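Asks: Structure in C-alpha coordinates, see below.
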Amino acid sequence: MTSTPTVDAGAVARALTNAATTASHAPSIHNTQPWRWRAHSDHLDLFLDDSRALPVTDPDRRLAILSCGAALHHALISLAADGQHTTLTRLPDTARPGHLATIRVDAQVPVEPAAIRSLQTVALRHTDRRTVSSVAVDADNLRTIVAAAASQQTLLHVLRPRQVLDLAAASDHAQRIESDDEAWQEELHFWTGGTRPLGTGIPATAIPDKASQTTVPGRDFGHPGDMDIADTHDRTAVFAILYGPGDDDLDWLRAGEALSAAWLKAIELGVSVLPSSATIEVATTRETVRQLLSGLGHPYLILRFAVLDADTAGPAHTPRLPTDKTIEHR
Ligand SMILES: Cc1cc2nc3c(=O)[nH]c(=O)nc-3n(C[C@H](O)[C@H](O)[C@H](O)COP(=O)(O)O)c2cc1C
(Lines give C-alpha, C1' and ligand atoms only; values in the text may rest on other atoms or scores of the structure.)
Protein backbone atom coordinates (compact mmCIF):
# COMPACT_ATOMS: atom_id res chain seq x y z
CA MET A 1 0.00 0.00 0.00
CA THR A 2 1.46 3.44 -0.94
CA SER A 3 0.96 6.43 1.33
CA THR A 4 1.06 10.09 0.39
CA PRO A 5 3.90 11.96 2.12
CA THR A 6 1.83 14.90 3.40
CA VAL A 7 -1.00 14.78 5.91
CA ASP A 8 -4.04 17.02 5.31
CA ALA A 9 -4.70 18.41 8.82
CA GLY A 10 -8.34 19.37 8.11
CA ALA A 11 -9.13 15.94 6.67
CA VAL A 12 -7.49 14.26 9.67
CA ALA A 13 -9.52 16.32 12.17
CA ARG A 14 -12.77 15.50 10.34
CA ALA A 15 -11.85 11.82 10.12
CA LEU A 16 -11.13 11.67 13.87
CA THR A 17 -14.49 13.25 14.71
CA ASN A 18 -16.23 10.88 12.27
CA ALA A 19 -14.47 7.93 13.92
CA ALA A 20 -15.60 8.87 17.44
CA THR A 21 -19.14 9.44 16.11
CA THR A 22 -19.18 6.07 14.31
CA ALA A 23 -17.96 4.40 17.52
CA SER A 24 -21.19 5.45 19.24
CA HIS A 25 -23.03 2.78 17.19
CA ALA A 26 -21.12 0.04 19.05
CA PRO A 27 -22.94 -2.49 21.24
CA SER A 28 -22.52 -2.08 25.00
CA ILE A 29 -23.72 -3.81 28.13
CA HIS A 30 -27.28 -2.48 28.79
CA ASN A 31 -26.53 0.21 26.16
CA THR A 32 -24.53 2.11 28.79
CA GLN A 33 -22.08 3.46 26.16
CA PRO A 34 -19.32 3.65 28.80
CA TRP A 35 -16.80 5.41 26.55
CA ARG A 36 -15.44 8.93 26.28
CA TRP A 37 -13.36 10.17 23.36
CA ARG A 38 -10.91 13.06 23.41
CA ALA A 39 -10.17 14.30 19.88
CA HIS A 40 -6.81 16.04 19.31
CA SER A 41 -5.46 17.38 16.00
CA ASP A 42 -3.80 14.10 15.01
CA HIS A 43 -5.03 11.50 17.49
CA LEU A 44 -7.96 10.20 19.51
CA ASP A 45 -7.83 9.08 23.12
CA LEU A 46 -10.38 6.56 24.38
CA PHE A 47 -11.31 6.53 28.08
CA LEU A 48 -13.62 4.36 30.15
CA ASP A 49 -16.39 6.65 31.47
CA ASP A 50 -16.97 5.26 34.92
CA SER A 51 -20.13 7.35 35.38
CA ARG A 52 -21.84 4.91 32.99
CA ALA A 53 -20.33 1.70 34.39
CA LEU A 54 -22.44 -0.83 36.32
CA PRO A 55 -20.96 -1.12 39.84
CA VAL A 56 -23.28 -3.97 40.90
CA THR A 57 -23.51 -6.00 37.67
CA ASP A 58 -19.96 -5.40 36.49
CA PRO A 59 -17.76 -4.47 39.50
CA ASP A 60 -14.48 -5.31 37.69
CA ARG A 61 -15.56 -3.24 34.62
CA ARG A 62 -14.97 -6.37 32.49
CA LEU A 63 -18.09 -5.83 30.36
CA ALA A 64 -17.69 -2.04 30.26
CA ILE A 65 -14.12 -2.35 28.92
CA LEU A 66 -15.28 -5.02 26.48
CA SER A 67 -17.94 -2.57 25.25
CA CYS A 68 -15.23 0.11 24.84
CA GLY A 69 -13.21 -2.41 22.79
CA ALA A 70 -16.15 -2.74 20.40
CA ALA A 71 -16.31 1.07 20.12
CA LEU A 72 -12.55 1.15 19.46
CA HIS A 73 -12.93 -1.35 16.60
CA HIS A 74 -15.79 0.71 15.13
CA ALA A 75 -13.59 3.85 15.26
CA LEU A 76 -10.76 2.06 13.43
CA ILE A 77 -13.20 0.94 10.73
CA SER A 78 -14.32 4.53 10.23
CA LEU A 79 -10.73 5.79 9.92
CA ALA A 80 -9.87 3.05 7.41
CA ALA A 81 -12.96 3.98 5.38
CA ASP A 82 -11.79 7.61 5.50
CA GLY A 83 -8.40 6.65 4.04
CA GLN A 84 -6.46 7.27 7.25
CA HIS A 85 -3.55 5.02 8.19
CA THR A 86 -3.39 4.67 11.97
CA THR A 87 -1.19 3.43 14.78
CA LEU A 88 -3.08 2.02 17.76
CA THR A 89 -1.67 1.90 21.29
CA ARG A 90 -3.79 -0.04 23.79
CA LEU A 91 -3.55 1.02 27.46
CA PRO A 92 -0.98 3.76 26.65
CA ASP A 93 -0.66 5.13 30.19
CA THR A 94 -0.10 2.58 32.96
CA ALA A 95 -0.60 5.35 35.54
CA ARG A 96 -4.17 5.91 34.20
CA PRO A 97 -5.90 2.54 33.78
CA GLY A 98 -9.08 4.22 32.46
CA HIS A 99 -7.12 5.48 29.45
CA LEU A 100 -7.85 2.53 27.20
CA ALA A 101 -6.34 3.46 23.85
CA THR A 102 -4.76 6.08 21.63
CA ILE A 103 -5.33 6.04 17.87
CA ARG A 104 -2.82 8.19 16.00
CA VAL A 105 -3.24 9.09 12.31
CA ASP A 106 0.13 8.91 10.57
CA ALA A 107 -0.62 8.95 6.84
CA GLN A 108 -3.36 9.06 4.24
CA VAL A 109 -3.79 5.96 2.13
CA PRO A 110 -6.13 4.67 -0.61
CA VAL A 111 -9.44 3.33 0.71
CA GLU A 112 -10.02 -0.43 0.45
CA PRO A 113 -13.57 -1.48 -0.65
CA ALA A 114 -13.74 -3.85 2.36
CA ALA A 115 -13.38 -0.84 4.69
CA ILE A 116 -16.39 0.87 3.08
CA ARG A 117 -18.42 -2.35 3.39
CA SER A 118 -17.54 -2.67 7.08
CA LEU A 119 -18.55 0.94 7.71
CA GLN A 120 -21.92 0.34 6.03
CA THR A 121 -22.41 -2.76 8.20
CA VAL A 122 -21.81 -0.74 11.39
CA ALA A 123 -25.03 1.18 10.65
CA LEU A 124 -27.00 -2.06 10.15
CA ARG A 125 -25.82 -3.95 13.26
CA HIS A 126 -28.14 -4.16 16.22
CA THR A 127 -29.16 -6.63 18.92
CA ASP A 128 -32.19 -8.65 17.89
CA ARG A 129 -33.76 -10.75 20.67
CA ARG A 130 -36.36 -12.42 18.43
CA THR A 131 -36.66 -16.22 18.45
CA VAL A 132 -34.66 -18.00 15.78
CA SER A 133 -35.98 -19.45 12.51
CA SER A 134 -35.84 -23.13 11.48
CA VAL A 135 -32.89 -22.40 9.17
CA ALA A 136 -29.54 -23.65 10.52
CA VAL A 137 -26.42 -21.46 10.54
CA ASP A 138 -24.23 -22.47 7.60
CA ALA A 139 -21.02 -24.20 8.82
CA ASP A 140 -18.77 -22.23 6.42
CA ASN A 141 -20.32 -18.97 7.58
CA LEU A 142 -19.69 -19.97 11.19
CA ARG A 143 -16.03 -20.70 10.39
CA THR A 144 -15.70 -17.27 8.75
CA ILE A 145 -17.18 -15.58 11.84
CA VAL A 146 -14.82 -17.52 14.15
CA ALA A 147 -11.90 -16.42 11.95
CA ALA A 148 -13.03 -12.77 12.17
CA ALA A 149 -12.82 -12.95 15.98
CA ALA A 150 -9.45 -14.71 15.80
CA SER A 151 -8.09 -11.89 13.61
CA GLN A 152 -8.38 -9.73 16.76
CA GLN A 153 -6.45 -12.20 18.96
CA THR A 154 -9.55 -13.43 20.80
CA LEU A 155 -11.15 -16.78 20.08
CA LEU A 156 -14.62 -18.28 19.82
CA HIS A 157 -15.28 -21.75 21.19
CA VAL A 158 -18.40 -23.21 19.58
CA LEU A 159 -20.25 -25.38 22.13
CA ARG A 160 -21.22 -29.00 21.48
CA PRO A 161 -24.87 -29.96 22.27
CA ARG A 162 -23.93 -31.46 25.67
CA GLN A 163 -22.07 -28.26 26.59
CA VAL A 164 -25.08 -26.15 25.56
CA LEU A 165 -27.07 -27.94 28.28
CA ASP A 166 -24.35 -27.10 30.82
CA LEU A 167 -24.45 -23.48 29.65
CA ALA A 168 -28.25 -23.47 29.97
CA ALA A 169 -28.00 -24.65 33.60
CA ALA A 170 -25.31 -22.04 34.37
CA SER A 171 -27.36 -19.30 32.74
CA ASP A 172 -30.46 -20.24 34.71
CA HIS A 173 -28.40 -20.31 37.93
CA ALA A 174 -26.83 -16.89 37.21
CA GLN A 175 -30.21 -15.28 36.57
CA ARG A 176 -31.63 -16.74 39.81
CA ILE A 177 -28.71 -15.31 41.80
CA GLU A 178 -29.13 -11.93 40.13
CA SER A 179 -32.89 -11.78 40.56
CA ASP A 180 -32.51 -12.50 44.30
CA ASP A 181 -30.16 -9.53 44.63
CA GLU A 182 -32.07 -6.30 45.25
CA ALA A 183 -29.19 -3.98 44.29
CA TRP A 184 -28.71 -5.89 41.06
CA GLN A 185 -32.44 -5.65 40.24
CA GLU A 186 -32.39 -1.93 40.94
CA GLU A 187 -29.48 -1.42 38.54
CA LEU A 188 -31.18 -3.49 35.83
CA HIS A 189 -34.40 -1.48 36.19
CA PHE A 190 -32.49 1.79 35.99
CA TRP A 191 -31.02 0.82 32.60
CA THR A 192 -33.87 -1.09 30.93
CA GLY A 193 -37.47 -0.53 29.86
CA GLY A 194 -39.46 2.61 29.01
CA THR A 195 -38.62 4.97 26.14
CA ARG A 196 -35.06 6.00 27.17
CA PRO A 197 -35.30 9.74 26.31
CA LEU A 198 -31.74 10.43 27.54
CA GLY A 199 -30.27 8.13 24.87
CA THR A 200 -28.92 5.31 27.05
CA GLY A 201 -30.33 1.95 28.19
CA ILE A 202 -32.52 -0.63 26.48
CA PRO A 203 -36.01 0.59 25.48
CA ALA A 204 -39.08 -1.61 25.98
CA THR A 205 -39.36 -1.89 22.18
CA ALA A 206 -36.16 -4.02 22.14
CA ILE A 207 -37.24 -6.32 25.02
CA PRO A 208 -39.39 -9.42 24.30
CA ASP A 209 -42.99 -9.35 25.53
CA LYS A 210 -42.62 -12.86 27.01
CA ALA A 211 -39.94 -15.41 27.86
CA SER A 212 -38.88 -17.20 24.68
CA GLN A 213 -38.77 -21.00 24.16
CA THR A 214 -35.05 -21.42 24.55
CA THR A 215 -32.63 -24.07 25.78
CA VAL A 216 -30.32 -21.33 27.07
CA PRO A 217 -32.48 -18.68 28.76
CA GLY A 218 -32.09 -15.15 27.38
CA ARG A 219 -31.62 -12.17 29.70
CA ASP A 220 -34.42 -11.94 32.26
CA PHE A 221 -35.11 -8.20 32.23
CA GLY A 222 -37.45 -8.61 35.19
CA HIS A 223 -40.35 -7.09 33.23
CA PRO A 224 -41.89 -7.80 29.82
CA GLY A 225 -41.10 -5.45 26.95
CA ASP A 226 -43.15 -4.48 23.89
CA MET A 227 -41.42 -6.72 21.33
CA ASP A 228 -43.71 -9.41 19.98
CA ILE A 229 -41.81 -12.72 19.68
CA ALA A 230 -42.82 -16.07 18.18
CA ASP A 231 -43.32 -19.27 20.21
CA THR A 232 -40.82 -21.32 18.18
CA HIS A 233 -37.93 -23.09 19.95
CA ASP A 234 -34.28 -22.07 19.38
CA ARG A 235 -33.12 -25.55 18.28
CA THR A 236 -31.10 -24.21 15.34
CA ALA A 237 -29.18 -21.67 17.45
CA VAL A 238 -25.43 -22.10 17.88
CA PHE A 239 -23.79 -20.98 21.13
CA ALA A 240 -20.15 -19.96 21.49
CA ILE A 241 -17.87 -18.59 24.19
CA LEU A 242 -15.71 -15.58 23.37
CA TYR A 243 -12.49 -16.25 25.27
CA GLY A 244 -8.79 -15.47 25.49
CA PRO A 245 -5.59 -16.13 27.40
CA GLY A 246 -5.92 -13.61 30.25
CA ASP A 247 -8.54 -11.90 32.39
CA ASP A 248 -7.43 -8.28 32.57
CA ASP A 249 -8.16 -4.87 31.02
CA LEU A 250 -6.11 -5.58 27.88
CA ASP A 251 -7.84 -8.94 27.32
CA TRP A 252 -11.29 -7.36 27.77
CA LEU A 253 -10.46 -4.50 25.39
CA ARG A 254 -9.28 -6.97 22.73
CA ALA A 255 -12.37 -9.12 23.37
CA GLY A 256 -14.53 -6.10 22.50
CA GLU A 257 -12.60 -5.57 19.27
CA ALA A 258 -13.14 -9.25 18.44
CA LEU A 259 -16.85 -8.99 19.29
CA SER A 260 -17.19 -6.10 16.85
CA ALA A 261 -15.22 -7.91 14.11
CA ALA A 262 -17.19 -11.16 14.50
CA TRP A 263 -20.58 -9.41 14.74
CA LEU A 264 -20.02 -7.25 11.64
CA LYS A 265 -18.86 -10.31 9.67
CA ALA A 266 -21.95 -12.21 10.85
CA ILE A 267 -24.24 -9.40 9.64
CA GLU A 268 -22.56 -9.51 6.22
CA LEU A 269 -23.33 -13.26 6.11
CA GLY A 270 -26.96 -12.91 7.26
CA VAL A 271 -26.30 -14.39 10.71
CA SER A 272 -27.78 -12.78 13.82
CA VAL A 273 -25.68 -12.39 16.99
CA LEU A 274 -27.15 -12.15 20.49
CA PRO A 275 -24.68 -11.57 23.35
CA SER A 276 -25.44 -12.99 26.76
CA SER A 277 -23.43 -11.95 29.80
CA ALA A 278 -25.35 -13.13 32.91
CA THR A 279 -23.07 -16.16 33.36
CA ILE A 280 -20.02 -13.88 33.09
CA GLU A 281 -21.40 -11.36 35.60
CA VAL A 282 -21.73 -13.95 38.42
CA ALA A 283 -18.34 -15.25 39.66
CA THR A 284 -19.47 -18.85 40.28
CA THR A 285 -21.09 -19.30 36.86
CA ARG A 286 -18.15 -17.54 35.17
CA GLU A 287 -16.04 -20.33 36.66
CA THR A 288 -18.51 -22.94 35.29
CA VAL A 289 -18.19 -21.39 31.83
CA ARG A 290 -14.39 -21.34 32.21
CA GLN A 291 -14.52 -25.09 32.84
CA LEU A 292 -16.45 -25.56 29.58
CA LEU A 293 -13.30 -24.22 27.91
CA SER A 294 -11.26 -27.15 29.35
CA GLY A 295 -8.25 -24.98 30.18
CA LEU A 296 -8.22 -23.09 26.85
CA GLY A 297 -8.58 -19.69 28.53
CA HIS A 298 -10.87 -17.20 30.26
CA PRO A 299 -14.47 -16.52 29.12
CA TYR A 300 -15.57 -12.97 28.28
CA LEU A 301 -19.03 -13.31 26.73
CA ILE A 302 -21.53 -15.87 25.40
CA LEU A 303 -22.79 -15.39 21.84
CA ARG A 304 -25.85 -16.92 20.22
CA PHE A 305 -25.59 -17.26 16.44
CA ALA A 306 -28.79 -17.85 14.48
CA VAL A 307 -30.68 -17.14 11.30
CA LEU A 308 -33.73 -15.01 12.06
CA ASP A 309 -37.02 -14.89 10.22
CA ALA A 310 -36.36 -12.51 7.32
CA ASP A 311 -40.10 -11.90 6.75
CA THR A 312 -40.77 -10.13 10.05
CA ALA A 313 -39.23 -6.85 11.11
CA GLY A 314 -36.70 -6.76 13.94
CA PRO A 315 -36.72 -4.12 16.68
CA ALA A 316 -35.85 -0.50 15.95
CA HIS A 317 -32.30 0.57 16.79
CA THR A 318 -31.66 1.49 20.42
CA PRO A 319 -31.01 5.18 21.14
CA ARG A 320 -27.58 6.75 21.57
CA LEU A 321 -26.27 9.63 23.66
CA PRO A 322 -25.76 12.97 21.91
CA THR A 323 -22.11 13.13 20.78
CA ASP A 324 -21.30 16.07 23.10
CA LYS A 325 -21.71 13.60 25.98
CA THR A 326 -19.11 11.19 24.56
CA ILE A 327 -16.68 13.31 22.51
CA GLU A 328 -14.62 16.28 23.66
CA HIS A 329 -12.36 18.31 21.37
CA ARG A 330 -8.90 19.51 22.43
C1 LIG B 1 -20.59 -6.80 26.86
C2 LIG B 1 -22.02 -6.93 26.40
C3 LIG B 1 -22.92 -7.72 27.12
C4 LIG B 1 -24.24 -7.85 26.68
N5 LIG B 1 -25.09 -8.69 27.36
C6 LIG B 1 -26.34 -8.88 26.90
C7 LIG B 1 -27.22 -9.83 27.54
O8 LIG B 1 -26.85 -10.50 28.50
N9 LIG B 1 -28.47 -9.98 27.04
C10 LIG B 1 -28.93 -9.25 25.97
O11 LIG B 1 -30.08 -9.43 25.58
N12 LIG B 1 -28.11 -8.33 25.34
C13 LIG B 1 -26.84 -8.15 25.78
N14 LIG B 1 -26.01 -7.26 25.14
C15 LIG B 1 -26.52 -6.44 24.03
C16 LIG B 1 -26.74 -4.99 24.51
O17 LIG B 1 -27.88 -4.92 25.34
C18 LIG B 1 -26.86 -4.07 23.28
O19 LIG B 1 -25.63 -4.06 22.60
C20 LIG B 1 -27.22 -2.65 23.67
O21 LIG B 1 -28.50 -2.59 24.24
C22 LIG B 1 -27.18 -1.71 22.45
O23 LIG B 1 -28.11 -2.14 21.49
P24 LIG B 1 -27.67 -2.55 20.01
O25 LIG B 1 -26.70 -3.70 20.12
O26 LIG B 1 -28.95 -2.94 19.34
O27 LIG B 1 -27.01 -1.36 19.37
C28 LIG B 1 -24.69 -7.13 25.54
C29 LIG B 1 -23.76 -6.34 24.83
C30 LIG B 1 -22.45 -6.25 25.24
C31 LIG B 1 -21.47 -5.42 24.43
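The values are calculated or read from the model by the stated rules, or taken from the named source; none is laboratory data. No experiment lies behind these values; they were computed from the predicted model shown. FYI the Cβ positions are ideal-geometry reconstructions off the backbone, even for glycines, and counts take in every protein chain you see. The area values use the complete protein model at the heavy-atom level, side chains included, leaving out ligands, DNA and RNA. Shrake-Rupley method; radii C 1.70, N 1.55, O 1.52, S 1.80 Å.
Each row is one residue, and each column tells you yes or no for (1) more than 19 Å from ILE280 (Cα to Cα); (2) surrounded by fewer than 15 Cβ atoms within 10 Å (Cβ to Cβ).
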residue	(1), (2)
ALA149	no, no
LEU155	no, no
ALA170	no, no
LEU188	no, no
ILE207	yes, no
PRO217	no, no
ASP231	yes, yes
VAL238	no, no
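Asks: Of the residues in the range 98-116, how many are surrounded by 14 or more Cβ atoms within 10 Å (Cβ to Cβ) and within 28 Å of TRP252 (Cβ to Cβ)?
Replies: Selection size over the range 98-116: 10.
Asks: A follow-up question, please. Checking ALA237 against (1) more than 13 Å from the ligand (Cβ to nearest atom); (2) farther than 24 Å from LEU165 by Cα, which test does it fail?
Replies: All conditions are met except number (2).
Asks: Could I ask something else about it? Does the range 186-203 include one or more residues that are closer than 22 Å to HIS126 by Cα, in a loop (DSSP other than H, G, I, E, B) and of a type in the set (Val, Ile, Thr)? Break it down into steps so the answer makes sense when it comes.
Replies: Restricting attention to the range 186-203, the residues satisfying the condition of being closer than 22 Å to HIS126 by Cα are 188-203.
Checking which are in a loop (DSSP other than H, G, I, E, B) leaves us with 193-201, 203.
Narrowing the set further to residues that are of a type in the set (Val, Ile, Thr) leaves 195, 200.
Within the range 186-203, one or more residues are closer than 22 Å to HIS126 by Cα, in a loop (DSSP other than H, G, I, E, B) and of a type in the set (Val, Ile, Thr).
Asks: OK, next. In the range 1-52, which residue that is touching a Ser or Thr at 6+ places or on another chain (Cβ under 7 Å) and without any contact (Cβ under 8 Å) to a residue 40 or more places away in the chain is farthest from the ligand (Cβ to nearest atom)?
Replies: ALA9
Asks: Right, here's the next one. Please pick out the residue among SER78, SER51, SER41 that is buried (at least 23 other Cβ atoms within 10 Å of the Cβ) and among the hydroxyl-bearing types (Ser, Thr, Tyr).
Replies: Details: SER51 fails: buried (at least 23 other Cβ atoms within 10 Å of the Cβ); SER41 fails: buried (at least 23 other Cβ atoms within 10 Å of the Cβ).
Every option except SER78 fails the conditions.
Asks: In the range 219-233, which residues are away from the ligand (no atom under 13 Å from the Cβ) and either in a loop (DSSP other than H, G, I, E, B) or modelled with pLDDT of 95 or more (or both)? Write out each step before concluding.
Replies: Of the residues in the range 219-233, the ones away from the ligand (no atom under 13 Å from the Cβ) are 223-224, 226, 228, 230-233.
Scanning the range 219-233 gives HIS223, PRO224, ASP226, ASP228, ALA230, ASP231, THR232.
Asks: Next question. Could you check the range 204-218 and list, in sequence order, the residues that are outside any loop (DSSP other than H, G, I, E, B) and basic (Lys, Arg)? So that I can check it myself, show each step before the final result.
Replies: So in the range 204-218, the residues outside any loop (DSSP other than H, G, I, E, B) come out as 204-206, 208, 213.
None - no residue of the range 204-218 is outside any loop (DSSP other than H, G, I, E, B) and basic (Lys, Arg), so the list stays empty.
Asks: Quick check, is LEU124 within 16 Å of the ligand (Cβ to nearest atom) and either among the basic types (Lys, Arg) or open to solvent by 20 Å² or more (accessible area, probe 1.4 Å) (or both)?
Replies: On the way: within 16 Å of the ligand (Cβ to nearest atom): yes; either among the basic types (Lys, Arg) or open to solvent by 20 Å² or more (accessible area, probe 1.4 Å) (or both): yes.
Taking the combined requirement at face value, the residue satisfies it.
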